[in-house]
Amino acid sequence: MTETAVKRPQLSELGLSTGKRARLQRILYGHGLRNGTAMFLPYDQGLEHGPRDFFDNPAAGDPSYILKLAVEGGFNGVAIQIGLAEKFYWEYAGEVPLLLKLNGRTEIPDASRPRSPRNATVEDAVRLGADAVGYTLYVGSAQQEEDFEAFAEVRRDAERYGLPLVVWSYPRGEAVDAKGGKDSFWAVDYAARTAAELGADVVKVNFPNPSPKEGMRKEYTGQQFTEQEAVNAVVRSAARTPVLLSGGERTGDEGVLEKARQSMEAGALGVIFGRNIWQRPHDESLRFVGRLRELLSKY
Amino acid sequence: MTETAVKRPQLSELGLSTGKRARLQRILYGHGLRNGTAMFLPYDQGLEHGPRDFFDNPAAGDPSYILKLAVEGGFNGVAIQIGLAEKFYWEYAGEVPLLLKLNGRTEIPDASRPRSPRNATVEDAVRLGADAVGYTLYVGSAQQEEDFEAFAEVRRDAERYGLPLVVWSYPRGEAVDAKGGKDSFWAVDYAARTAAELGADVVKVNFPNPSPKEGMRKEYTGQQFTEQEAVNAVVRSAARTPVLLSGGERTGDEGVLEKARQSMEAGALGVIFGRNIWQRPHDESLRFVGRLRELLSKY
Amino acid sequence: MTETAVKRPQLSELGLSTGKRARLQRILYGHGLRNGTAMFLPYDQGLEHGPRDFFDNPAAGDPSYILKLAVEGGFNGVAIQIGLAEKFYWEYAGEVPLLLKLNGRTEIPDASRPRSPRNATVEDAVRLGADAVGYTLYVGSAQQEEDFEAFAEVRRDAERYGLPLVVWSYPRGEAVDAKGGKDSFWAVDYAARTAAELGADVVKVNFPNPSPKEGMRKEYTGQQFTEQEAVNAVVRSAARTPVLLSGGERTGDEGVLEKARQSMEAGALGVIFGRNIWQRPHDESLRFVGRLRELLSKY
Amino acid sequence: MTETAVKRPQLSELGLSTGKRARLQRILYGHGLRNGTAMFLPYDQGLEHGPRDFFDNPAAGDPSYILKLAVEGGFNGVAIQIGLAEKFYWEYAGEVPLLLKLNGRTEIPDASRPRSPRNATVEDAVRLGADAVGYTLYVGSAQQEEDFEAFAEVRRDAERYGLPLVVWSYPRGEAVDAKGGKDSFWAVDYAARTAAELGADVVKVNFPNPSPKEGMRKEYTGQQFTEQEAVNAVVRSAARTPVLLSGGERTGDEGVLEKARQSMEAGALGVIFGRNIWQRPHDESLRFVGRLRELLSKY
Amino acid sequence: MTETAVKRPQLSELGLSTGKRARLQRILYGHGLRNGTAMFLPYDQGLEHGPRDFFDNPAAGDPSYILKLAVEGGFNGVAIQIGLAEKFYWEYAGEVPLLLKLNGRTEIPDASRPRSPRNATVEDAVRLGADAVGYTLYVGSAQQEEDFEAFAEVRRDAERYGLPLVVWSYPRGEAVDAKGGKDSFWAVDYAARTAAELGADVVKVNFPNPSPKEGMRKEYTGQQFTEQEAVNAVVRSAARTPVLLSGGERTGDEGVLEKARQSMEAGALGVIFGRNIWQRPHDESLRFVGRLRELLSKY
């Protein structure tokens, strides 16, 4: 397999309807670096992990703090659940694009065969003036069938209303755990492709880890891949679906920035970092955002 | 009657839903002067009057020319019919806000009792990524009943999807002609109020002419009004419905600018000038736009 | 006004959805001259005029004869009503593209304020494997309001199903008759623009006659136009809506071919000739088709 | 124009869905002469004309008498309105095919611009076990627009449920009266074609009268036609839509039989005679039916 | 049992609606060999197996490469999932028929009782201008009930819109594994018949392997069958449902061509080969396609 990078796709190449194109144009060229790259601020951890994620910087538990940070930091968009959008977005309406997250779950129940239930509709997103919607797809879960079918309905609604559909494409479930785990190159590569095949407009994946090999098909075990090769492959597998790399748990800034750099080199659209942004004091957040902006300005 | 001006209403005063606010915020602070004033470019004359309006500047018959002019001139939005939006907006999608005009008619049939049929829906506007919709209301027409009922449906759809509804509120019909005509102070004043009462988010009116008196109620004939007093009254009658003043047929620049100034003094949101913009060569259009921008920058 | 020709628009410029593009590609490059021009065979005269149109060549009263002629002549499509499509198209299904005409009327009732009722739906067209649908719009009729509203529904269905919408845009009604008539330059020019503004994918108009001046706006009476200038203007007014020129009643071959040539020079998509094709014996029809093909092959 | 007869179309030529074909097969080969010809008994005169039609043979006012006659006479079907179908068909259900007439009117109101309202649905017909439905289309009426649109709905339902749709195609209205009247060759010819164009599966027309010429287009006045030539033309204009000839008011048996013979010679499917059958005593009815059967057995 | 071949069914024998016939006519006579045989290019392996299938020829991971190959190779159609159709088909719209695959799954979760979830609808296919839809039916799976019911909905939609329905009829599940496996003659024979019984318009099966006998009913174990006899039987069991033979994993060219030859001898419609086509360099792909075309040209 080759491991070269691809070129970041242009909006004009994506077969987008006028509405999807207008909204992505607004997100990518009317906000952030305005150069076609993207930097999103995700803030659904209060649902996905609970308030524990706010213990390091309690101010971040206040959605208003986060929306203000998104405006100050010049993000391309902020991803939140319907309840927070209803109560907090009106104050910042139109100042930063809203990416309404349509499904989500708590981490409390057993997660061996997860599915993320729909908590809002694309019509809710239209009503709130959102510029995009988000959906978490658990690729490989034993509930994959129900998940795909729910996703197909969301895709059709997004098509109907012209809203770009950002897919959190996450390998999950026992079968994934048995084959290298959710961050393994194989799993992330498959997840990126699955989102592309099923109709994502943008796909968000975790940074792929090329180390795990156990239980995988021979194609992934037959040779050793560097991180850059792995992320190159993932972006290529996404096949014209612009790719956002997540940051995941907060880790060291240099490591995060290096992964962001590798992602941009691979042809990614940009990054979607949450905890690495707001699990620190406000000024430090903005300083880190400044470094990210400097990086993205080069692509 | 008092004739003092009112203050231009702020978005936060208008009881707007989050979606309408997000979109108006985008229109008023993400485009144009970005100071809360507005300068729209209307381009439905090809339907309303036919190609004759393009004879003075044939280039203006090309919708692509107009969209480019809207981007270059830094307009807050461009108002077009569905057919042109489908074929031309994709190239400029997201670069200038789209105000989809939902109804419109040709000038050919007898116009003594006009109604403007709906050619597109609010859902079409959502699908195309429009930031607002427009509806022509013929206040006073013998078909007022059907018109109001059609408008009410549009208003409900605009509410449902969170799209601001801009109303072309035009006095029309035999009864209007018999009482000072469609530009008389009385008629424009009544039309502004009617749009406010029926649920416009923004109202577009012609500049009121305080001279005609014949056939009007005594309140309008008992005293003499200056143009400034008339436009003050119209903006006040609109009751928190931000007002856009139309330019109508092309006339002298100084007169147009003076009316724009009076409108802004009266507390209007801004202007919506079409033929006065594009019925002249491209460079002259931009020069005139420059003068308008200079004016609006003061409010 | 300038009177220069425009370039025939390319499919990639039209903002078409994938489905509309696939079907127009099939029509324009999989049939006919396969060079992007079009030659359609209309056959709704049995409804519009009654069987009298078949008296000159009774064989032409048999829809099977016409479908066979469309295949033999290598037409880009044949336009028929639902009843004939149901009973006859199955034998030629897929051999020549079907353009299902959705509305139509008999010439019997008073035609001073005409409207063409819908006899079939876009879904009927999909079900029958049609590649396009056709709608007659009577621009200027006193029933214009109902007509525009019916058209808007058809447009939305065509959008939903991805079928190209061909509009027979015909100036009609008392107001038209009083201003130069249905074939006058002014009326045809306005009709072409109206179809573009309302969302036609292709517009069919009569060849414009620049002679009548009575009752028209000054823009059309202030100068003299040649036929070529008139057809240039009409194609330009259609604004990226590809234009088909009708032939109307059977007239002399040389005159028809000259008008076809002028139309193609003006940037038209092609022609839609019925009676000039089939109101003559079969071999003569094919000979005339051969001359048309020779003409279109040059564009 | 040529005036030769056409061949009666076969079921396999008509592009019929399986359901329509099954039901027509049952009607044409499981009843009547079982040779593909048809003899229907219409009985909607009680609505269309009122009880006056039963004064000559009061027994015929009893629907049970008529249904029994249809069975005894070996008709291919009986055409009745929903009320009679509900109350009387259960006794003869399945013994003679039911053709449920879906629309009908009284003769009481002014008939200068008639339309026949829908009194039952295709779903009613399915529910009652009918093998076909009937619809009266008033070709040329000033209400033609509403009529065509209602017919289109019936056609779609008939398509959906697989029921053959028999159209009573009647020229009517002031414009028809002014051009030779409802039985004139021109009018009947146009009506036959209209039903074919709009999607009738079988069309019922009056026998055409070639004498009137006044007010007609030159094609019908330029030559003299015999009755045989006229009925030949009408059947040919119906273009694969099998034609039933009505009898109309009771007249002399020999004249009726001669018209039936001419119709069959022209390629008609058969006849639909009501008053000529049941406006006489029971035995005479059956004797006349016997003569009709003898005639049809030859085609 | 006899083991003779059957004749490939003609379109006119299949009771097809006009729309299905038009589209199959276009697929079979407007593309490929244009002789009624078919050669499809399936490309859903990115979803079904993940990106690993592209490791041998990374260029094949790019859907645009595949669509271009389908055009260059003169295929009768290309089968892809909705996401790729949305992003890539617009560039090749109408140049090669689109067979939209409506369901699909990843291979990650446990596959002992598989069901393939619906990711797109027949209406999506219509909207995109597809000429056919595809559905994977897992015959014998413990989830067969849900599968059949979902299939029945798809079949009804395909009927409603006139789109041919191609069924990937795959024996699957523990019960199949216990009785000779998914490629055994018994299992493939049963799957072919199942698709025919449930309403497939075309059925795609794996080449049957007559060797396994364990656990099967006596009819399949009582005698020895050759491969030719097995494939003859499978095509016959499909009962007028035209049969496509899959290639499965890439194997030697001679073996693949021999199976294709046996299939065509058996009366199959053609082949649907993916990995055997595109898991090799571009020029080799076209050379192999050339050999396939030569073979199909003889039938």
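The values are calculated or read from the model by the stated rules, or taken from the named source; none is laboratory data. Since the structure is predicted, the reported quantities are computational estimates derived from the model, not experimental observations. All Cβ positions, even for glycine, are placed from backbone atoms using ideal geometry, and neighbour counts span all protein chains on display. When the accessible area is computed, the model is the full protein with side chains, heavy atoms only, and any ligands, DNA or RNA have been set aside. Shrake-Rupley method; radii C 1.70, N 1.55, O 1.52, S 1.80 Å.
Note on segment A:78-103: residues that are part of a loop (DSSP other than H, G, I, E, B) and without any contact (Cβ under 8 Å) to a residue 60 or more places away in the chain total 5.
The numbered conditions (1) at pLDDT 95 or above; (2) within 22 Å of B:PRO42 (Cα to Cα); (3) touching a strand residue (DSSP E or B) at 6+ places or on another chain (Cβ under 8 Å) are all true for B:GLY247 except (1).
For segment C:169-179: of the residues being more than 9 Å from chain B (Cβ to nearest Cβ) and open to solvent by 10 Å² or more (accessible area, probe 1.4 Å), which is farthest from B:ILE108 (Cα to Cα)?
Of segment C:169-179, the ones more than 9 Å from chain B (Cβ to nearest Cβ) are C:169-170, C:172, C:177-178.
This time we only want the ones that are open to solvent by 10 Å² or more (accessible area, probe 1.4 Å), so: C:170, C:172, C:177-178.
Details: C:TYR170: 13, C:ARG172: 10, C:ASP177: 11, C:ALA178: 10 Å.
Going through the qualifying residues, I end up with C:TYR170.
When C:TYR43 is tested against (1) among the hydroxyl-bearing types (Ser, Thr, Tyr); (2) at pLDDT 95 or above; (3) surrounded by fewer than 24 Cβ atoms within 10 Å (Cβ to Cβ), just one condition goes unmet, and that condition is (3).
Looking at segment C:46-77, which of the residues that are in a loop (DSSP other than H, G, I, E, B) and within 12 Å of another protein chain (Cβ to nearest Cβ) is surrounded by the fewest Cβ atoms within 10 Å (Cβ to Cβ)? So that I can check it myself, show each step before the final result.
Of segment C:46-77, the ones in a loop (DSSP other than H, G, I, E, B) are C:49-50, C:55-57, C:62, C:73-76.
Filter once more, so that each one left must be within 12 Å of another protein chain (Cβ to nearest Cβ): C:49-50, C:55-57, C:62.
Working: C:HIS49: 18, C:GLY50: 27, C:PHE55: 19, C:ASP56: 15, C:ASN57: 19, C:ASP62: 17.
In this case the residue turns out to be C:ASP56.
In the set B:ASP157, B:ASP147, B:ASP56, B:ASP124, only one residue is at pLDDT below 95 and charged (D, E, K, R); that residue is B:ASP56.
For the structure I just gave you, tell me whether C:LEU286 is assigned to a helix (DSSP H, G or I), at pLDDT 95 or above, in contact with a helix residue (DSSP H, G or I) (Cβ under 8 Å, 6 or more places away or on another chain) and surrounded by fewer than 22 Cβ atoms within 10 Å (Cβ to Cβ). Yes. Residue pairs whose Cβ atoms lie under 7 Å apart, separated by 6 or more positions or on different chains, with the first residue in segment B:138-151 and under 14 Å from B:ALA196 (Cα atoms) and the second aromatic (Phe, Trp, Tyr) and open to solvent by 60 Å² or more (accessible area, probe 1.4 Å), are B:VAL139/B:TYR190. It is to be established whether one or more residues within segment C:201-211 are modelled with pLDDT under 95, at the interface with chain B (Cβ under 10 Å from one of its Cβ atoms) and open to solvent by 10 Å² or more (accessible area, probe 1.4 Å). No, the conditions are met nowhere in segment C:201-211.
Scanning segment D:242-253 for residues that are polar (S, T, N, Q) and open to solvent by less than 50 Å² (accessible area, probe 1.4 Å) returns a single hit, D:SER246. Put simply, of A:ALA196, A:ALA239 the only residue that is under 14 Å from the mean Cα position of the chain (by Cα) and either modelled with pLDDT of 95 or more or buried (at least 21 other Cβ atoms within 10 Å of the Cβ) (or both) is A:ALA196. For segment B:1-34, a residue qualifies if it is more than 19 Å from B:ALA268 (Cβ to Cβ) and part of a loop (DSSP other than H, G, I, E, B), and the qualifying residues are B:GLY15, B:SER17, B:GLY30. Out of E:ARG23, E:ARG8, one residue alone is touching a Leu at 6+ places or on another chain (Cβ under 8 Å) and either modelled with pLDDT under 95 or more than 11 Å from chain C (Cβ to nearest Cβ) (or both). It is E:ARG8. Take the conditions (1) in contact with a helix residue (DSSP H, G or I) (Cβ under 7 Å, 6 or more places away or on another chain); (2) away from chain A (no Cβ under 14 Å); (3) aromatic (Phe, Trp, Tyr); B:TYR92 misses just one of them, which is (2). Inspection of segment D:104-115 finds no residue satisfying the criterion of being within 18 Å of the chain's Cα centre (by Cα) and part of a strand (DSSP E or B).
Filter segment D:180-197 down to residues that are within 16 Å of D:SER116 (Cβ to Cβ) and in contact with a Ser or Thr (Cβ under 9 Å, 6 or more places away or on another chain) and give me whichever is nearest to the other protein chains (Cβ to nearest Cβ). Don't jump to the end; show me each part of the working.
So the first thing to find is which residues in segment D:180-197 are within 16 Å of D:SER116 (Cβ to Cβ), and the list is D:182, D:191, D:194-195.
So of that shortlist, the ones also in contact with a Ser or Thr (Cβ under 9 Å, 6 or more places away or on another chain) come out as D:191, D:194-195.
Details: D:ALA191: 9, D:THR194: 6, D:ALA195: 7 Å.
Step by step, filter segment D:180-197, then rank; the result is D:THR194.
The conditions of being more than 14 Å from chain A (Cβ to nearest Cβ), among the basic types (Lys, Arg) and under 27 Å from A:VAL126 (Cβ atoms) are met by B:LYS101. So which residues in segment B:138-161 are open to solvent by less than 30 Å² (accessible area, probe 1.4 Å) and within 14 Å of chain A (Cβ to nearest Cβ)? Residues satisfying the conditions are B:ALA158, B:TYR161. Quick check on this structure: which one of B:VAL256, B:VAL271, B:VAL231 is within 20 Å of the chain's Cα centre (by Cα), in contact (Cβ under 8 Å) with a residue 40 or more places away in the chain and either open to solvent by less than 20 Å² (accessible area, probe 1.4 Å) or within 30 Å of B:TYR161 (Cβ to Cβ) (or both)? After ruling out the rest, the residue left standing is B:VAL271. Step by step: first the residues of segment E:109-137, then only those that are open to solvent by 10 Å² or more (accessible area, probe 1.4 Å) and either without any contact (Cβ under 8 Å) to a residue 60 or more places away in the chain or facing another protein chain (nearest Cβ under 7 Å) (or both), then the one that is farthest from C:GLU123 (Cα to Cα). Which residue is that? Here the residue is E:ASP110. Output yes when any residue across segment D:220-228 is open to solvent by 10 Å² or more (accessible area, probe 1.4 Å), closer than 24 Å to D:TYR43 by Cα and away from chain C (no Cβ under 12 Å), and no when none is. No, every residue in segment D:220-228 fails to be open to solvent by 10 Å² or more (accessible area, probe 1.4 Å), closer than 24 Å to D:TYR43 by Cα and away from chain C (no Cβ under 12 Å). Scanning segment A:14-31 for residues that are of a type in the set (Gly, Ala, Ser) and open to solvent by 10 Å² or more (accessible area, probe 1.4 Å) yields a total of 3.
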